[in-house]
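Peer 1: Let me begin by handing over the structure; questions about it come next.
The values are calculated or read from the model by the stated rules, or taken from the named source; none is laboratory data. Keep in mind that what you see is a predicted model, and the values were worked out from it rather than measured. Quick reminder, even Gly has a Cβ in these numbers, built from the backbone with ideal geometry, and neighbours come from all protein chains shown. Please note that ligands, DNA and RNA were not included when accessible areas were found on the heavy atoms of the full protein model with its side chains. Shrake-Rupley method; radii C 1.70, N 1.55, O 1.52, S 1.80 Å.
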Amino acid sequence: MTIAVTSASGQLGASIVRQLINEIGKENVIGIARTPEKATHLGVEVRKGDYNSRQDFDAALKGIDTVLLVSGMDDPKKRIQQHRNVIEAAKQNGVQKIVYTSIVGDEANTAFSPVVKSNRQTEEDIKESGLEWAIGRNGIYIEPDLEYIDHYAKDGEIRNCAGEGKCGYTSRGELAYAYAQMLLDNKHNGHVYNLVGEAITQAKLADLINEVYGLNLKFNSVSVAEYAAERKEALGDFMGTIIAGIYEGIRNGVNDVPSHYEMAAGRPHRPHIDIIRDFKKA
């Protein structure tokens, strides 16, 4: 079986490539990246694939049995056609199965909803493709909070608009393990899985970070409008809106969903405290 992973130069794509190498060997794994040079460090064959180019994927998917489609990062209005370029090229080239990294979330009511809605459309496109398929809906990565630890420590707080809402956090490593199993085992075909860990509040997240890093962070919940204004000023309108929308969704409860992780991975999701400890060691 030859498996291709799109967006192999990104953090999630690269993690999945590494997991697949462990499972089936590098000779059976193909990376696809918009800029192939950024993924050559993975030690597998890397082919060019820009989501905007159907022609790229017509070439990149030749001889591929299964493809892992990592959801694009472009404007939601552009993503649907970008993903269709991959799906149509997969059909034309005789790919047998497609696995898609979607996301947990609400299709309405938050500034993040357009992203979720575009992912749901791609889910439907894949289901209607005639290919075998499996879909994961990713929880929120815990790594960005840990990468931001110096800022949290300086401020003495985690500040956002999530309120008392719970979030089923996960990690790129946990997702990579689950997706490898979904790619390799046909028992997952036709299933949509919520790939999340234990749902926790922001206050609990602060407690876990405090335990591992020896800090005394507090959680400071602010209004959605105030947080959106802060994020837009810091990150620009597009990304600031997206980030604020994610935390608004947590506030609204859309990230507190049943976990199907063990069904997908064949083992329980690792505890968040262990993931945080491993991140600190690394």
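Peer 1: Tally up the residues in segment 126-152 that are among the acidic types (Asp, Glu) and within 18 Å of Tyr177 (Cβ to Cβ), please. Explain how you work it out, then say what you get.
Peer 2: Looking only at segment 126-152, we keep the residues that are among the acidic types (Asp, Glu), and these are 128, 132, 143, 145, 147, 150.
Checking which are within 18 Å of Tyr177 (Cβ to Cβ) leaves us with 143.
Number satisfying all stated conditions: 1.
Peer 1: A follow-up question, please. Under 7 Å between Cβ atoms, which residue pairs at least 6 apart in sequence (or on different chains) link something in segment 127-153 that is free of Cβ contacts under 8 Å to residues at least 40 places away in the same chain with a partner that is open to solvent by 60 Å² or more (accessible area, probe 1.4 Å)?
Peer 2: From residues that are free of Cβ contacts under 8 Å to residues at least 40 places away in the same chain, the pairs are Gly130/Lys91.
Peer 1: How do the helices (runs of 4 or more DSSP H) wholly within segment 178-282 filter down when requiring 1 or more residues that are open to solvent by less than 10 Å² (accessible area, probe 1.4 Å) and without any contact (Cβ under 8 Å) to a residue 60 or more places away in the chain: which remain? Spell out how you get there, then give the answer.
Peer 2: On the way: elements: 202-213, 224-235, 237-252, 261-265, 272-281.
Once the helices (runs of 4 or more DSSP H) in segment 178-282 are filtered for at least 1 residues that are open to solvent by less than 10 Å² (accessible area, probe 1.4 Å) and without any contact (Cβ under 8 Å) to a residue 60 or more places away in the chain, what remains is 202-213, 237-252.
Peer 1: Now for a separate question. Which of the residues that make up segment 10-24 are closer than 23 Å to Asn93 by Cα and either over 18 Å from the mean Cα position of the chain (by Cα) or surrounded by fewer than 22 Cβ atoms within 10 Å (Cβ to Cβ) (or both)? Explain how you work it out, then say what you get.
Peer 2: Of segment 10-24, the ones closer than 23 Å to Asn93 by Cα are 13, 16-17, 20, 24.
Correct list: Ile24 only.
Peer 1: Based on what the data block shows, is Asp256 over 18 Å from the mean Cα position of the chain (by Cα) and modelled with pLDDT of 95 or more?
Peer 2: So Asp256 does not fit the description; no.
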